[in-house]
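Quick notes on the structure that follows.
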Amino acid sequence: MTISNEKPFIAGNWKMHKLIPEAVDMVKALKEASAQLTDAEIVVIPPYTMLSEVRKTIEGSSVQLGAQNLFWEEKGAFTGEISPLMLKDAGCQYVTIGHSERRQYFGETDETVNKKVKAALAHELTPIMCIGESLEEREQSKTIEKVETQINSGLEGLGKEEMRLIVIAYEPIWAIGTGVTATPTQAEEVHSFIREKLAEKYGNEIASYAIILYGGSVKPDNTYSLLKENNINGALVGGASLEADSFIQITKEAIKAYKEKK
Ligand code: PGA
């Protein structure tokens, strides 16, 4: 599925939260609201155990489903892993890859990210590839260098046609779950660098359609100012995506910002 940034893209990463009944309640409310939110792409990214129930609940609405991770093999003796085939089977269209928590706690590297991006694409799943610098790297003025390395290695071996199918999420690690958001100017600086980098690698047309999300303490009250920036096409939301009300509010703010910047 070719991506385009004509509408804001709002994805809710639930991380390791919720049990099935809560998940179903949340997406029921979201499904109901989604009829009024067709000017945004909305994706929920629950833990694996809830994918199936969530899929059933959102059926018939514009809400889409994603998973938080995958393994690159289709099947085999890989205890505890989930394959791209299984995610398709569960009804997923998206998968986050290389989230900083996976890099930090579960040994994810730029190399495994690249393998996973390729595996997702091979199975027609849209990868949401996450990149971003630590506080230390920012303080040492290494943000751009870090992001550039992550883009180059994460996308290694991928051509123009494949780049049309990949979403990128810039998530400064120091802003994730901390309540400290990057200012719109700080975020835009990195987003515009990412778009320039994509233009250099894949040409202007592909870069201009690319979806580049911001993630890190996105809340209803900061969404508008972030999404007003030229190169911010949406948000990857953690904490504030757990409650239907705040997630819906974020989506509304995103739609408003997008309309105004057109
Ligand atoms: P947060 O998480 O919104 O809770 O900061 C964002 C993310 O990790 O994707």
Q: Give segment 106-130 a look and list any residue that's outside any helix (DSSP H, G or I), without any contact (Cβ under 8 Å) to a residue 60 or more places away in the chain and within 19 Å of Leu213 (Cβ to Cβ), or say none.
A: Glu108, Leu125, Pro127, Met129
Q) Before we move on, is Glu156 closer than 25 Å to Ala67 by Cβ and either of a type in the set (Asp, Glu) or modelled with pLDDT under 95 (or both)? A) yes
**Q.** Out of Glu243, Glu161, Glu189, Glu196, sole residue that is in contact (Cβ under 8 Å) with a residue 24 or more places away in the chain and either within 19 Å of the chain's Cα centre (by Cα) or away from the ligand (no atom under 16 Å from the Cβ) (or both)
**A.** Glu243
Q) Since Lys56 meets every condition but one in (1) within 19 Å of Leu242 (Cα to Cα); (2) surrounded by 15 or more Cβ atoms within 10 Å (Cβ to Cβ); (3) over 18 Å from the mean Cα position of the chain (by Cα), which condition does it not meet? A) (2)
Q: Could you list, in sequence order, all residues of segment 192-234 that are touching a helix residue (DSSP H, G or I) at 6+ places or on another chain (Cβ under 6 Å) and over 20 Å from Ala182 (Cα atoms)?
A: Lys197, Leu198, Ala199, Tyr202, Ile206, Ala207, Ala210
Q: For segment 207-228, name all the residues that are surrounded by fewer than 19 Cβ atoms within 10 Å (Cβ to Cβ) and not aromatic (Phe, Trp, Tyr).
A: Ser208, Lys219, Pro220, Asp221, Ser225, Lys228
**Q.** Single residue of segment 1-26 satisfying the filter (in contact with a Pro (Cβ under 8 Å, 6 or more places away or on another chain) and free of Cβ contacts under 8 Å to residues at least 60 places away in the same chain) that is nearest to the ligand (Cβ to nearest atom)
**A.** Met16
Q.
Kindly evaluate Leu70 against the criterion of being part of a loop (DSSP other than H, G, I, E, B), surrounded by 21 or more Cβ atoms within 10 Å (Cβ to Cβ) and more than 16 Å from the ligand (Cβ to nearest atom).
A. yes
Q. Within segment 217-233, can you find the residues that are within 14 Å of the chain's Cα centre (by Cα) and within 12 Å of the ligand (Cβ to nearest atom)?
A. Ser217, Val218
(Q) Exactly one condition in (1) outside any helix (DSSP H, G or I); (2) farther than 17 Å from Met129 by Cα; (3) under 18 Å from the mean Cα position of the chain (by Cα); (4) not small (Gly, Ala, Ser) is false for Val180; which is it? (A) (3)
Q: Output the number of the condition that Tyr214 fails; it satisfies all remaining conditions of (1) part of a helix (DSSP H, G or I); (2) among the aromatic types (Phe, Trp, Tyr); (3) within 16 Å of the ligand (Cβ to nearest atom).
A: (1)
(Q) Criterion first (more than 16 Å from the ligand (Cβ to nearest atom), hydrophobic (A, V, I, L, M, F, W, C) and surrounded by 20 or more Cβ atoms within 10 Å (Cβ to Cβ)) does Ile166 satisfy it? (A) yes
Q: Could you list all residues from segment 212-238 that are touching a Lys or Arg at 6+ places or on another chain (Cβ under 8 Å) and under 20 Å from Ser134 (Cα atoms)?
A: Ile212, Gly238
Q) Does any residue of segment 125-146 turn out to be in contact with a strand residue (DSSP E or B) (Cβ under 7 Å, 6 or more places away or on another chain), more than 26 Å from Ser83 (Cβ to Cβ) and within 16 Å of the ligand (Cβ to nearest atom)? A) yes
Q. Of (1) part of a loop (DSSP other than H, G, I, E, B); (2) more than 14 Å from the ligand (Cβ to nearest atom); (3) within 14 Å of the chain's Cα centre (by Cα); (4) not β-branched (Val, Ile, Thr), Leu65 satisfies all except one. Which?
A. (1)
**Q.** Residue that is surrounded by the fewest Cβ atoms within 10 Å (Cβ to Cβ) [pool: residues in segment 34-52 that are among the aliphatic types (A, V, I, L, M) and closer than 15 Å to Ala244 by Cα]
**A.** Ala35
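The values are calculated or read from the model by the stated rules, or taken from the named source; none is laboratory data. Everything quoted here is computed from the prediction, not taken from an experiment. Note that we place each Cβ from the backbone using ideal geometry, even for glycine, and neighbour counts take in every protein chain shown.
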